[in-house]
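The values are calculated or read from the model by the stated rules, or taken from the named source; none is laboratory data. Keep in mind that this is a model prediction, so the values were computed, not measured. Cβ sites come from the backbone with ideal geometry, for glycine too, and all protein chains shown count toward neighbours.
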Amino acid sequence: MPELPEVETVRRGLEPAMAGQRLIAVEQRRKDLRFPFPARFKERLEGQRVTGLSRRAKYLVLHLSSEEALIMHLGMSGRFTVEMGDKTSKPGDFHYETTGTSPHDHIVFHMENGARITYNDPRRFGFMDLVPSASLSESKHFKAMGIEPLGNELDGELIQTLFTDKKAPLKAALLDQRLIAGLGNIYVCEALHRSGLSPKRLAGTLSGNRGLMKGKAELLATTIRDVLTEAVQAGGSSLRDYAQTDGSLGYFQHRFKVYGREGEKCPTGSCSGAIERIVQSGRSTFYCRTCQK
């Protein structure tokens, strides 16, 4: 599914068309996506002004003048198209290619500035929910969610604290949304390679008091922020739906140094190793066993 940088790309693409604008009309073309739409979904949105558009992990949040928040998740194949006059844009265009009217156009937002924003989702794994703004952080979607990886809160000391006594592999711990929210398979593979850390290493080994472990934890924190920031600045990844060799669905980007590059020479200059693929918790992991320890 789309990872944090791709969702942030969508947020930035929607913001100019939606922020500060009133929802004139909402077309709801089905009763559900992955889950049923909230009761009176259309009525609770129409006439409200969008006071802001934010992101929490891999979720988009539309803040409304009604003091409710519209939480949106893209699932596996969700995407938005923004039409303003004779201009059409597809923020975060990294999913299925579609043209014209589609039976998978499930929600259409009509804004007071004339923008027409369509949510398209062939697989219907995405969803939308309305929750009170005042209790947003305590909603079922966010209550158990960990820290944001792009904030200043993430540093080596916090990683050591979060991973204390963790017996899970390092990659699994980084993907645990209860610890760090928003990290996904692709960018974790990239961050671990840059950090020289094996995805199979036990997460708890980074919590040692020795200076070496503190240094490794700090390097990992810095690298995670760098990888995500670079991806956001690049507008996310140019991704397409595909079936991985283990049969699961995923996304990849040809600019990545390790992800999807099984059998290629390790891009680390002094390394003589090659990129391997292993499966961890049903997901493909790409790494170099020579330089990642």
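Polar (S, T, N, Q), crowded, with 19+ Cβ neighbours inside 10 Å and either modelled with pLDDT of 95 or more or in the same structural domain as Leu162 (by TED's automatic domain parsing) (or both), is that true of Ser270?
For Ser270, the condition - polar (S, T, N, Q), crowded, with 19+ Cβ neighbours inside 10 Å and either modelled with pLDDT of 95 or more or in the same structural domain as Leu162 (by TED's automatic domain parsing) (or both) - is not met.
(1) at pLDDT below 95; (2) within 17 Å of the chain's Cα centre (by Cα); (3) of a type outside the set (Ser, Thr, Tyr): which one isn't true of His254, the others all being true?
Every listed condition holds for His254 apart from (2).
(1) under 23 Å from Gln280 (Cβ atoms); (2) in contact with a helix residue (DSSP H, G or I) (Cβ under 6 Å, 6 or more places away or on another chain): which one isn't true of Pro169, the others all being true?
So Pro169 meets the others, but not (2).
Take the residues in the range 67-84 that are modelled with pLDDT of 95 or more and under 22 Å from Gly114 (Cβ atoms); name whichever of them is nearest to the chain's Cα centre (by Cα).
Met72
Among the residues of the range 277-293 satisfying the criterion of being out of contact with any helix residue (DSSP H, G or I) (no Cβ under 9 Å at 6 or more places or on another chain) and within 14 Å of Ile186 (Cα to Cα), which is modelled with the lowest pLDDT? Write out each step before concluding.
At the first step, the residues of the range 277-293 found to be out of contact with any helix residue (DSSP H, G or I) (no Cβ under 9 Å at 6 or more places or on another chain) are 277-279, 282, 289-290, 293.
Filter once more, keeping what is within 14 Å of Ile186 (Cα to Cα): 277-279, 282.
Numbers: Arg277: 98, Ile278: 97, Val279: 96, Gly282: 91.
In this case the residue turns out to be Gly282.
Being at pLDDT 95 or above and touching a Gly at 6+ places or on another chain (Cβ under 9 Å) is true for just one of Leu220, Leu228, Leu197. Which residue is that?
Leu220
Would you check if Asp176 is within 30 Å of Pro199 (Cβ to Cβ), touching a Gly at 6+ places or on another chain (Cβ under 7 Å) and part of a loop (DSSP other than H, G, I, E, B)?
On the way: within 30 Å of Pro199 (Cβ to Cβ): yes; touching a Gly at 6+ places or on another chain (Cβ under 7 Å): no; part of a loop (DSSP other than H, G, I, E, B): yes.
The answer is no for Asp176.
Among the residues of the range 158-178, write down those that are farther than 15 Å from Val279 by Cα and in contact with a strand residue (DSSP E or B) (Cβ under 8 Å, 6 or more places away or on another chain).
Listed by number, the residues that qualify are Leu158, Leu162, Lys166, Lys167, Leu174.
Considering the range 27-72 alone, what residues qualify as being among the charged types (D, E, K, R), touching a residue at least 12 places away in the same chain (Cβ under 8 Å), in a loop (DSSP other than H, G, I, E, B) and in contact with a Phe, Trp or Tyr (Cβ under 9 Å, 6 or more places away or on another chain)? If you could, list the steps in order and put the result at the bottom.
Initially, the range 27-72 is screened for residues among the charged types (D, E, K, R), giving 27, 29-32, 34, 40, 42-44, 46, 49, 55-56, 58, 67-68.
Now restrict to residues that are touching a residue at least 12 places away in the same chain (Cβ under 8 Å): 27, 29-30, 32, 34, 42, 44, 46, 49, 55-56, 58, 67-68.
Filter once more, keeping what is in a loop (DSSP other than H, G, I, E, B): 29-30, 34, 46, 58, 67.
If the condition is that a residue be among the charged types (D, E, K, R), touching a residue at least 12 places away in the same chain (Cβ under 8 Å), in a loop (DSSP other than H, G, I, E, B) and in contact with a Phe, Trp or Tyr (Cβ under 9 Å, 6 or more places away or on another chain), then Arg30, Arg34 are the ones that fit.
I need every pair where a residue in the range 180-200 that is basic (Lys, Arg) has its Cβ under 8 Å from the Cβ of a residue that is part of a loop (DSSP other than H, G, I, E, B), sequence separation at least 6 or different chains.
That search, which allows pairs on different chains as well, returns Arg194/Lys257.
Considering only residues that are more than 26 Å from the chain's Cα centre (by Cα) and on the phi > 0 side of the Ramachandran plot, which ones fall in the range 1-49?
Arg40, Gly47
Might you let me know whether the range 27-38 holds any residue that is farther than 21 Å from Ala134 by Cα and surrounded by 20 or more Cβ atoms within 10 Å (Cβ to Cβ)?
yes
Within the range 161-173, can you find the residues that are touching a residue at least 40 places away in the same chain (Cβ under 8 Å) and surrounded by 21 or more Cβ atoms within 10 Å (Cβ to Cβ)?
Phe163, Lys171
Would you tally the residues in the range 137-160 being aliphatic (A, V, I, L, M), surrounded by 18 or more Cβ atoms within 10 Å (Cβ to Cβ) and over 16 Å from the mean Cα position of the chain (by Cα)?
Within the range 137-160, residues that are aliphatic (A, V, I, L, M), surrounded by 18 or more Cβ atoms within 10 Å (Cβ to Cβ) and over 16 Å from the mean Cα position of the chain (by Cα) number 2.
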